[in-house]
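Before any comments, here is the structure.
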Amino acid sequence: MINYYQLSESDGIKKSDEANGNWMALQDLTQEEQEKIIDRFQLPNDIFQGVEQAEEVSRLERLDGTKLKDAYILVVTNLSSETDHRIEKRLEPLIFILSDNLLITHVKKKSEFIDRLFEKYRDKTTSFEKLVAYVIMMVYSHYIAELLRIKENIDELDQAARETTKNDELFKLADTERDVVYIDHTLKGQTKTLKALWEKTDFAEELNDPKLIYDIEFRQQRAEQLIEIYRDLLETVGGLFSDMMDNNLNHLMKYLDSAALIISIPALVTGIWGMNTGGIPGEGSNLAFFLVLGLAAILSVLAAYHLSKKDYSK
C-alpha cells in the first residue's frame, strides 16, 4: 500500500496524490511494489528488507547514487502497545528516507504507527524534520510507558520471590528479562544513531525547534536511565529467587535428615536385638518382642520431640 501526503507550513499533513505529494508512506508492500520503488529512485536493493525484523539495526547512512537529492536513510525502532504479543512481534523498525524534496517512510505490516502520528501531530507536522522529530519523541514515549509497565512486573516478582518459587513466577521472570534485554539493546543502538543525527547532519538546524529537541533528549535520557535501573533490579530479583530456592532446599534437607534420624532409631534397636548371637536379653521371654518394640517407639518419640523444638529457619 502506497499513500501520498502533502506536508506544508499552513496545513500540516494533508492527503495528496503522487503528482503533488512530498511524503510517500509505504506499508505492506508486495515484492513487486518494493522493486518498483527501488528502481524508480535507484535505492539500494536491500533497503526495505529489515522492516519486518525485530533485530533490524538502527542506523543513519548517506545514500549516494540515487535519484533523490542529498538523501540519507534513518532507521529507528518503535515498540507497539500490543502487550499480549512477544517482544519480537512488538518491535517495529521505522524506515525514513529523507531528501530535499521527498520523504519516504516504510513501516511493517499491520502497524498503527502512522495513524497514531496523525492523531497527535497531524496539524503540527509542517516539515520532514518535524515529522521525524515527532516520530522519535513518540517512540521514546512508548518505551517509557513499557518500562513503567515492566516496573510493575518487577515489583510483583520481588514480592513473589519472598513468598514462593512456583514455576509460573519463574516463567514470568524469564519473560520480563527477555523484554528488558531486547529493549536495552534497541535503545543502545538508537542512542548512537540519534547522536549521529544531531551531530553529523543539518537535521537540528533545519528543524529549528530547540524545545522539541530538548523534549526528545529528555525522553531518551529517561528511557535509558529506566532501563539501567530495571535491568539491575531484575538481576536482584533473579538472585533473590535463587537464594530463596537454595534456602527452601536447605530446609527440606534438614527435615529429611531429621526424618531419617528418627527412622534409624527403631532400626538400630531392633537390629541389635535381632542379632543372631546368644545371650540377648529377653531371648526366652514371650514379652521381649513387645518390650523391644515399645523401647524403639519411646526413643523415636523422644527424638522426634527434641527435633521438633529446633528452629530450622536459622
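The values are calculated or read from the model by the stated rules, or taken from the named source; none is laboratory data. Every value quoted in this text rests on a predicted model; they were computed, and no experiment measured them. As a convention, Cβ positions derive from the backbone with ideal geometry for all residues, glycine included, and neighbour counts pool all protein chains shown. Just the protein is used for accessible areas: all its heavy atoms, side chains included, with ligands, DNA and RNA removed. Shrake-Rupley method; radii C 1.70, N 1.55, O 1.52, S 1.80 Å.
Numbers for the structure displayed
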{"item": "Residues that are open to solvent by less than 80 Å² (accessible area, probe 1.4 Å) and among the aliphatic types (A, V, I, L, M), drawn from the range 5-25", "result": "LEU7, ILE13, MET24, ALA25"}
{"item": "Residue among LEU194, LEU212 that is surrounded by 15 or more Cβ atoms within 10 Å (Cβ to Cβ), closer than 29 Å to VAL180 by Cβ and over 26 Å from the mean Cα position of the chain (by Cα)", "result": "LEU212"}
{"item": "Residue match in the range 136-152 (condition: of a type in the set (S, T, N, Q), open to solvent by less than 80 Å² (accessible area, probe 1.4 Å) and in contact with a strand residue (DSSP E or B) (Cβ under 7 Å, 6 or more places away or on another chain))", "result": "no"}
{"item": "Lone unmet requirement of (1) among the aromatic types (Phe, Trp, Tyr); (2) open to solvent by 30 Å² or more (accessible area, probe 1.4 Å); (3) under 25 Å from the mean Cα position of the chain (by Cα) for PHE113", "result": "(2)"}
{"item": "Residue that is nearest to LEU94 (Cα to Cα), among those in the range 1-46 that are touching a Phe, Trp or Tyr at 6+ places or on another chain (Cβ under 6 Å) and polar (S, T, N, Q)", "result": "GLN34"}
{"item": "Yes/no for VAL107 being buried (at least 19 other Cβ atoms within 10 Å of the Cβ) and either over 22 Å from ILE229 (Cα atoms) or touching a residue at least 40 places away in the same chain (Cβ under 8 Å) (or both)", "result": "yes"}
{"item": "Residue check for PHE118: at pLDDT below 85 and open to solvent by 80 Å² or more (accessible area, probe 1.4 Å)", "result": "no"}
{"item": "Residue identified as hydrophobic (A, V, I, L, M, F, W, C) and part of a loop (DSSP other than H, G, I, E, B) among LEU74, LEU60, LEU29, LEU7", "result": "LEU29"}
{"item": "Residue among ASP70, ASP64, ASP28 that is on the phi < 0 side of the Ramachandran plot and open to solvent by 10 Å² or more (accessible area, probe 1.4 Å)", "result": "ASP64"}
{"item": "Index of the failed condition, GLU205 passing every other in (1) surrounded by fewer than 17 Cβ atoms within 10 Å (Cβ to Cβ); (2) within 22 Å of THR77 (Cβ to Cβ)", "result": "(2)"}
{"item": "Residue within the range 7-22 that is touching a residue at least 12 places away in the same chain (Cβ under 8 Å) and closer than 25 Å to ILE183 by Cβ present", "result": "no"}
{"item": "Contacts under 6 angstrom Cβ, first residue in the range 121-143 being in contact (Cβ under 8 Å) with a residue 24 or more places away in the chain, partner of a type in the set (A, V, I, L, M) and part of a helix (DSSP H, G or I), 6 or more apart", "result": "THR125/LEU131; GLU129/LEU207; ALA133/LEU207; ALA133/LEU212; ILE136/ILE216; MET137/ILE216; TYR140/ALA223; TYR143/ALA223"}
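Matching residues to (1) modelled with pLDDT of 75 or more; (2) under 30 Å from LEU157 (Cβ atoms); (3) of a type outside the set (A, V, I, L, M, F, W, C); (4) within 46 Å of the chain's Cα centre (by Cα):
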position: ARG231; (1), (2), (3), (4): yes, yes, yes, yes
position: SER258; (1), (2), (3), (4): yes, no, yes, yes
position: ALA267; (1), (2), (3), (4): yes, no, no, no
position: ASN276; (1), (2), (3), (4): no, no, yes, no
position: ILE280; (1), (2), (3), (4): no, no, no, no
position: GLU283; (1), (2), (3), (4): no, no, yes, no
position: ASN286; (1), (2), (3), (4): no, no, yes, no
position: ALA297; (1), (2), (3), (4): yes, no, no, no
position: LEU302; (1), (2), (3), (4): yes, no, no, no
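Yes/no per residue for (1) at pLDDT 85 or above; (2) of a type outside the set (Lys, Arg):
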site	(1), (2)
ASP202	yes, yes
PRO210	yes, yes
TYR214	yes, yes
GLU217	yes, yes
ARG222	yes, no
LEU234	no, yes
GLY238	no, yes
ASP243	no, yes
ASP246	no, yes
